[in-house]
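Written below as structure tokens is the structure these notes are about.
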Amino acid sequence: MLLLALSLHGVAAAQELLPPEVAFKFSAQALDANTLEVRYRIADGYYLYRGKFKFAVEPETVKLGEAQFPKGDVHDDEFFGKVETYRKEVSIRLPITRDAATDRLKLAVASQGCADVGVCYVPQLQTAEIDLPAVGTTSAVLPTSADAARPPGTDGVIGEEARFQRLLASGSLWLIAAAFFGAGLLLTFTPCVLPMIPILSGIIVGEGRNATRTRAFTLSLAYVLGMSVTYTAIGVGAALSGSLLSAALQNPWVLSTFAAVFVLLSLSMFGFYELQLPAGFHARMTRASNRFKGGHLGAVVLMGVFSAAIVSPCVAAPLAGALLYISQTRDVVLGGTALFAMSIGMGVPLILVGVFEGAFLPKSGHWMRSVKHFFGVMLLAVAIWIVSPVLPVAAQMLAWAALLIGSAMVLRAIDPLPIEAGAITRLWKGVGFLALLAGSALALGALAGSRDVLRPLSGLVAGAERGTQEVRFTRVRNLAELDAKLQVSGKPVMLDFYADWCVSCKEMEAFTFTDARVKAKMGQMLLLQADVTANSPEDKALLKRFNLFGPPGIIFFDRQGQEVPGLRVIGYESADVFLVSLNRAAGL
């Protein structure tokens, strides 16, 4: 009986063995123009032999150097005696020599591993087609093994997007989901996401007396799920295609159409009309909606879809890390899970806002009208926000001025108040007066020639000092111009990827680049800027060379024109944080 039990246990164990491609997940990529990285993610209970790796490459113009292995674990193996093995993960670096004309190669890697249950796999041969960076450049990918040699000059510093990429490479699904969910929570309060709050609030407020807590939760959840699914799909599509769909949507026709929708919604908040469908169609929609106890969920989901696609086109470090991981490993499931977890994290505060409104908003009366008017103003602000990337700065300033001055009139900023007016009425009058001052400053600044929304009167009060506050960039329009500048720079170089529709780019210009300490350090460098607003083929080629999916992104180069690994800046950074990267780059 004992022998029978043991044999049955062995058969069961053998039947539960993972296929070799699952037990040892293979990927390969170019770290820079002359270095490849081979990576394996190894399932629990499995290991690979160091001595069984073999490498071959095509075409003949590429030659492999000696492989650089990290330190493994010494294992007393029943098949091969004392050997060195790898568990969990292994990253192997392969130096290559090639001619400048070779931009793609085929790498073949042989490996062999075993399972702890006592089963050894036959040797496996796996291949990868790898695109090579141009000679003299490096990619964004950094070594993922703690024992692997780090690129010179990094001193262990790794960019935020690379940290998220390493997290994905760990293969720990729950850890990845938790980390990206937390990153999403932090991203909620960035300018790329904040406009979604008045959009959802307008939906909830538009429900009027029907906005119960349960209904508000259902509508908020529908909005967030529409946003999350779209955000994930756009991210996966960008990783596989190399271009963000959101960037393609940043054109006058799409943005103007979407902004017009919010203007119409805001006018209904002010009571100009009731949004009403034709009677027959409305009846059919009502019958369909009644099947869902949450109301017109389809329209709410659709609003979440458009919000994710158009309102939030900027790239942050977690998103960049996930996109790089998917593009290099083609692991859509793990990368998509990370993106979905991050978008849900971004949506949780939106759900809380919706539930709060559903629970505490008045159902009718004077206060409800005031609340609707407030969110009508917010929706107009979202409309201006959406269309501002394609408007001249002067038009933006005048639009914001009109909104602020109009709001001031509604708040009775210049109307005399009766003596018996209460404290709240006087408070709102004060808010209206401040709005009137701000709107007047924007209007005067625009008419006087100022082109700074945040400092509309700077041209009037600063005069000649204004020119000394601006950071001057040299624009590069394509790869040829960039290479020419890098070859003759003779000093550290900073390359800034910018677009008119990128909110984080404008934040960097307004708050980070204007810091005196930052300007002093940037003055020691050659400052280049790639404006990818048009998303032209040349813009896409510039982004692709550095494995970027969109702005903002800042790349640093040393005096020889070589990219400095580990010093990339993805997304907005405050002056204090940005100075750390600047100090390192300026000293090279």
Virtual spin-label span in nm between S440 and D131, 7 Å along Cα→Cβ: 5.6
In terms of modelled amide H atoms, which long-range or inter-chain residues lie less than 5 Å from the amide H of I96? T35, L36, G65
Show the residues, 5+ positions off or on another chain, whose built amide H is closer than 5 Å to the amide H of Y47. C114
Exceeding the 18 Å Cα-Cα cut-off - candidates K25/K54; K52/K106; K25/K82; K25/K88; K485/K519; K491/K544: K52/K106; K25/K82; K485/K519; K491/K544
Of the peptides 564-574, 85-95, how do they stack up when ordered by the mean number of other Cβ atoms within 10 Å, highest first? 564-574, 85-95
Simple spin-label estimate for T257/M409, 7 Å along Cα→Cβ, in nm, reads 3.2
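How much length is gained if the chain between A394 and L173 is pulled fully straight, taking 0.36 nm per residue apart and subtracting their Cα-Cα distance, in nm to one decimal?
74.7 nm
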Note: N583 to A516 extended length (0.36 nm per residue) minus current alpha-carbon separation gives 22.7 nm
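Apply the Kirkwood formula to the stretch 390-458: the hydrodynamic radius equals the inverse of the mean of 1/r over all pairs of different alpha-carbon atoms; give it in Å with one decimal. Please report the intermediate quantities before stating the final value.
Values: mean 1/r = 0.0794 Å⁻¹.
One decimal place: 12.6 Å for the Kirkwood radius.
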Quick one: the Cα spread of the stretch 70-129 along its three principal axes, in angstroms, biggest first? 47, 23, 19
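Once you list every other residue whose beta carbon is under 14 Å from the beta carbon of M494, what net charge do they have if Lys and Arg are +1 and Asp and Glu are -1?
Values: positive: R472, R475, K485, K491, K519, K521, R559, R568, R584; negative: D496, E509, D558, E563, E573.
Once all neighbours under 14 Å are counted, the net charge is +4.
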Pull out the extension gain between A101 and R451, defined as 0.36 nm times the separation in residues minus the alpha carbon to alpha carbon distance; nm, one decimal. 121.4 nm
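If we sort 404-417, 379-392 on the protection proxy, mean other Cβ atoms within 10 Å, highest first, what's the order? Walk me through the numbers before you get to the answer.
On the way: 404-417: 16.1, 379-392: 20.8.
My ranking of the peptides, most packed first, is 379-392, 404-417.
Readers should treat all values here as calculations from the given coordinates under stated rules, not as data from a laboratory. Just so it is clear, the structure is predicted and the values come from calculations on it, not from any experiment. Every residue, glycine as well, gets a Cβ built from its backbone with ideal geometry; the counts of neighbours run over all protein chains shown.
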